[in-house]
Amino acid sequence: MSVLQTPIDYLKTVGPNRADLLKKELGVYTYQDLLNLFPNRYLDRTQYYKINQLQRNSAEVQIVGKIIHIKMVEQKRGKRLVATFADETGEMELVWFRGHKWIKDSLKLNTPYVIFGKCNWYNGFTMPHPELELLAEHKASIKSSMQAIYPSTEKLNNKGISNRIKIKLVQILFEETKGRFQETLSPNILEEFNLLSKSEALRNIHFPKNAELLAKAQFRLKFEELFYIQLQLVRKNITRKHKIKGYPFDQVGELFNEFYQNHLPFELTNAQKRVIKEIRNDLGSSAQMNRLLQGDVGSGKTIVALMTVLLAIDNDFQACLMAPTEILATQHYNGLKELVKDLPITLKLLTGSTKTAERKVIHQDLEDGSLNLLIGTHAVLEDKVQFKNLGLAIIDEQHRFGVAQRAKLWKKNTVPPHILVMTATPIPRTLAMSLYGDLDISVIDELPPGRKPIKTVHRYDSNRLKVFAFIRDEIKKGRQVYIVYPLIQESEQLDYKDLMDGFESISRDFPQPGYQISIVHGKMKPADKEYEMQRFAKGETQIMVATTVIEVGVNVPNASVMIIESAERFGLSQLHQLRGRVGRGAEQSFCILMTGYKLSNEAKTRLEAMVKTNDGFELSEVDLKLRGPGDIMGTQQSGILNLKIADIVKDNDILKLARHTAIRTLKEDPNLSLEKNKLINYTYQLLGKHKNIWNYIS
Ligand code: ADP
Ligand code: MG
């Protein structure tokens, strides 16, 4: 057992109490955990503040001065000790809420001290529980201009485990271990990227000699962290391809060719062609396909899905296509039925509102194999739905489907069907690389030709009359308009009222019979929703007032204006999805973001980004920066993003390098059995046993 596995209790000066705190508050159980407690930032300890330079809400500061007065102040519960601290520019207070006697006795009046800590403002600056050092000792103790500031908690501070104590503990750790630590990267990688050795990196992350070495230490540790994550992901992908056999679709048969040659309603874009080729390659191999297809709204994913379905049917397999809502499933069904009307294939729709009699027929046809393609909602996943020979499952808009549901699909056949997941919510490339390293990814990064970019503007509620006038003009030209209200679960009641108020006021401004208005929201029965959608789709109504139920997939090319009410309440990806409902026809389309005057900075950034670009990928990067990866992906998947030192957004370049290196390493040496990869293999094996990636170092 390595010395780094030693419980932290055994480190000199760490008794049971401190050990307890370190474990509970910082998750430091062993020497190793302490070694991998990386500083949040560094403070230049050659920099001193004057009292008159202090600012509210600043970080830790250090000040030279003298204590000129000490007093005990009675307060409701207990006492506090207050010292007046002065330099030549002013005075401030130092405050202790505990340990009075001991501290009081140790303080020297009128002697130069260096104090260090965070200041609060209560009618003047105060510093609670400062770290104190006599100026004379302080001068002797400064070893580096950069001093580590470690993560901390209020409890630790209150119990006297200050930053200085943490530095001390790490120092002791380095003394006990002589600062020599096992290397974890291979010699050739160290050399290729000119990386610090493990020991040098760890020493400089805790006790930087200078800024340059600190930067190198950070680079090395970030690279290492990302490299091992990528190594895991890439290897998982390779293993899956080896282990999980799929049905090879080796025929590009009659249906595919017939459709391609005679029934394509338009010329495919180059991006669509490329993606279809990628899918064909997957399907032709004997491994199961597990592919994520990303394409912005309107980029034409449906036709790619259809061509993939045709490949499956050509190879005598059944296929299914799942969508998250009934509206969307129905739309897919109608759209696809139209596209394949001259081809000899059968397709049916299965949703929550499919009648029992029809359901029975569908079940029967699926089981005897006479039904080629099933389109539907979650209903498709029910156990009663059995296929004779399911070879392909396509999931549209995967955000709404969980991993568990994907797993259910896998079990619909003895050999798992090929899976194609389509999403219009682009995941930033950086994130996709980290999260879906085990999925293959295709991207449609090109819109069909002839589209006019949507014009997006931000308007305040006070400009509503002008906006309404604009709507009238558009309707006069024969266009249709969406007006969308937020619907957020927690305040559903309130939102509903907003929606209804909005509907009423719009009905007043756009009276019948000149104007017809549809309304669609989550509280309506599916059949009623569908009816209203259809009226709008057929052009019988000119305005569609709705909540975000229309967010995904709805396709009404004649609709050219999207008005989003209370736009500040929507997330970026949702705004972009909604905007994607227009701009589907040949006419110029508009998106109008309505808000009040009071906006948070974040909301402003989102609105500005929307106005500036139509590119979903660009927006997703902005979103990632605003919200951080955890929020974007949901907690479920964020585990992997529990990075200790690297930052997926800021360290994008290192991530790419790490991924590239991981792929190259495994390509050359799939089992990591080469002599030069010995350290990597060793580390990798350890890694498998631990949840926290940094537990492997020893
Ligand atoms: P999404 O990727 O959002 O699902 P769709 O597949 O619904 O996009 O396609 C959006 C619209 O663009 C549809 O009306 C579709 O017929 C049309 N479309 C798709 N591909 C092309 C293309 N290559 N050329 C012209 N129009 C296309
Ligand atoms: Mg779609």
For this session: Select from the range 584-603 the residues that are more than 18 Å from Ile563 (Cβ to Cβ) and assigned to a helix (DSSP H, G or I) and write down the one among them that is farthest from ligand 1 (Cβ to nearest atom).
Result: Asn601
Exercise. Out of curiosity, is Lys301 of a type in the set (Lys, Arg) and surrounded by fewer than 22 Cβ atoms within 10 Å (Cβ to Cβ)?
Worked result: no
Seminar exercise, completed: From the option list Leu311, Leu321, Leu343, single residue qualifying as in contact (Cβ under 8 Å) with a residue 60 or more places away in the chain, within 18 Å of Ile444 (Cβ to Cβ) and more than 16 Å from ligand 2 (Cβ to nearest atom) is Leu311
Exercise. Tell me, which helices (runs of 4 or more DSSP H) wholly within the range 282-393 include 3 or more residues that are farther than 20 Å from Gly253 by Cα?
Worked result: 326-339, 356-368
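Report whether or not Pro208 is exposed (fewer than 15 other Cβ atoms within 10 Å of the Cβ) and either in contact (Cβ under 8 Å) with a residue 12 or more places away in the chain or touching a helix residue (DSSP H, G or I) at 6+ places or on another chain (Cβ under 7 Å) (or both).
On the way: exposed (fewer than 15 other Cβ atoms within 10 Å of the Cβ): no; either in contact (Cβ under 8 Å) with a residue 12 or more places away in the chain or touching a helix residue (DSSP H, G or I) at 6+ places or on another chain (Cβ under 7 Å) (or both): yes.
Considered against the rule, which asks whether it is exposed (fewer than 15 other Cβ atoms within 10 Å of the Cβ) and either in contact (Cβ under 8 Å) with a residue 12 or more places away in the chain or touching a helix residue (DSSP H, G or I) at 6+ places or on another chain (Cβ under 7 Å) (or both), Pro208 comes out as no.
Restricting the search to the range 1-17, which residues are part of a loop (DSSP other than H, G, I, E, B), touching a residue at least 60 places away in the same chain (Cβ under 8 Å) and within 20 Å of Ile167 (Cβ to Cβ)?
Keep residues of the range 1-17 that are part of a loop (DSSP other than H, G, I, E, B), which gives 1-2, 6, 11-15.
Retained after the next criterion (residues that are touching a residue at least 60 places away in the same chain (Cβ under 8 Å)): 2, 11-14.
Answer for the range 1-17, where residues must be part of a loop (DSSP other than H, G, I, E, B), touching a residue at least 60 places away in the same chain (Cβ under 8 Å) and within 20 Å of Ile167 (Cβ to Cβ): Leu11, Lys12, Thr13, Val14.
Mind telling me which of the residues Ala586, Ala567, Ala546, Ala537 ends up being within 16 Å of ligand 2 (Cβ to nearest atom), under 35 Å from the mean Cα position of the chain (by Cα) and hydrophobic (A, V, I, L, M, F, W, C)?
Just one listed residue meets the conditions, Ala537.
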Exercise. Somewhere in the range 277-297, is a residue crowded, with 18+ Cβ neighbours inside 10 Å and among the basic types (Lys, Arg)?
Worked result: yes
Problem set entry | Set Arg627, Arg581, Arg664, Arg606: member being surrounded by 13 or more Cβ atoms within 10 Å (Cβ to Cβ), in a helix (DSSP H, G or I), modelled with pLDDT of 85 or more and of a type in the set (Lys, Arg) | Arg606
Seminar exercise, completed: Only unsatisfied item for Tyr260, checking (1) hydroxyl-bearing (Ser, Thr, Tyr); (2) over 20 Å from Ala312 (Cα atoms); (3) over 34 Å from the mean Cα position of the chain (by Cα), is (2)
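Residue check: is Arg180 in a loop (DSSP other than H, G, I, E, B), free of Cβ contacts under 8 Å to residues at least 60 places away in the same chain and outside the structural domain of Met72 (by TED's automatic domain parsing)? Let's see the steps before the verdict.
Working: in a loop (DSSP other than H, G, I, E, B): yes; free of Cβ contacts under 8 Å to residues at least 60 places away in the same chain: yes; outside the structural domain of Met72 (by TED's automatic domain parsing): yes.
Here the answer is yes, as Arg180 does meet what is asked.
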Exercise. Which of (1) under 41 Å from the mean Cα position of the chain (by Cα); (2) in contact (Cβ under 8 Å) with a residue 40 or more places away in the chain is the odd one out, the single condition Gly90 does not satisfy?
Worked result: (1)
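Residue by residue, here is whether (1) of a type in the set (Lys, Arg); (2) outside any loop (DSSP other than H, G, I, E, B); (3) under 29 Å from Pro208 (Cα atoms) holds:
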position	(1), (2), (3)
Glu91	no, yes, no
Asp105	no, yes, no
Asn110	no, no, no
Ile115	no, yes, yes
Exercise. How many residues, within the range 338-360, are within 41 Å of the chain's Cα centre (by Cα) and either loosely packed, with under 11 Cβ neighbours inside 10 Å or closer than 14 Å to Val309 by Cβ (or both)?
Worked result: 10
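I'm trying to understand the selection: among the residues of the range 300-322, which are within 10 Å of ligand 1 (Cβ to nearest atom) and touching a Ser or Thr at 6+ places or on another chain (Cβ under 8 Å)? Walk me through it before giving the result.
Going residue by residue through the range 300-322, those that are within 10 Å of ligand 1 (Cβ to nearest atom) are 300-306.
Correct list: Gly300 only.
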For this session: For the range 411-421, indicate whether the set of residues that are modelled with pLDDT of 70 or more, within 16 Å of ligand 1 (Cβ to nearest atom) and hydrophobic (A, V, I, L, M, F, W, C) is non-empty.
Result: yes
Problem set entry | Options Ile63, Ile115, Ile67, Ile51; residue that is within 30 Å of Lys23 (Cβ to Cβ), of a type in the set (Val, Ile, Thr) and surrounded by 14 or more Cβ atoms within 10 Å (Cβ to Cβ) | Ile115
Exercise. Scanning the range 239-293 for residues that are farther than 14 Å from Ile303 by Cβ and β-branched (Val, Ile, Thr), which turns out farthest from ligand 1 (Cβ to nearest atom)?
Worked result: Thr239
Exercise. Which numbered condition trips up Glu532, out of (1) in contact with a strand residue (DSSP E or B) (Cβ under 6 Å, 6 or more places away or on another chain); (2) within 16 Å of ligand 2 (Cβ to nearest atom)?
Worked result: (2)
Exercise. Being assigned to a loop (DSSP other than H, G, I, E, B), outside the structural domain of Met562 (by TED's automatic domain parsing) and either at pLDDT below 95 or among the aliphatic types (A, V, I, L, M) (or both), is that true of even one residue in the range 403-410?
Worked result: no
Exercise. Any idea which of (1) assigned to a helix (DSSP H, G or I); (2) buried (at least 17 other Cβ atoms within 10 Å of the Cβ) is the one Lys101 doesn't satisfy?
Worked result: (2)
Exercise. On the given criteria, is Ile238 part of a helix (DSSP H, G or I) and either in contact with a helix residue (DSSP H, G or I) (Cβ under 6 Å, 6 or more places away or on another chain) or farther than 30 Å from Leu34 by Cβ (or both)?
Worked result: yes
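The values are calculated or read from the model by the stated rules, or taken from the named source; none is laboratory data. Here the structure is a predicted model, which is why all the values come from computation and not from measurement. Cβ atoms come from the backbone with ideal geometry, glycine included; neighbour counts cover every protein chain shown.
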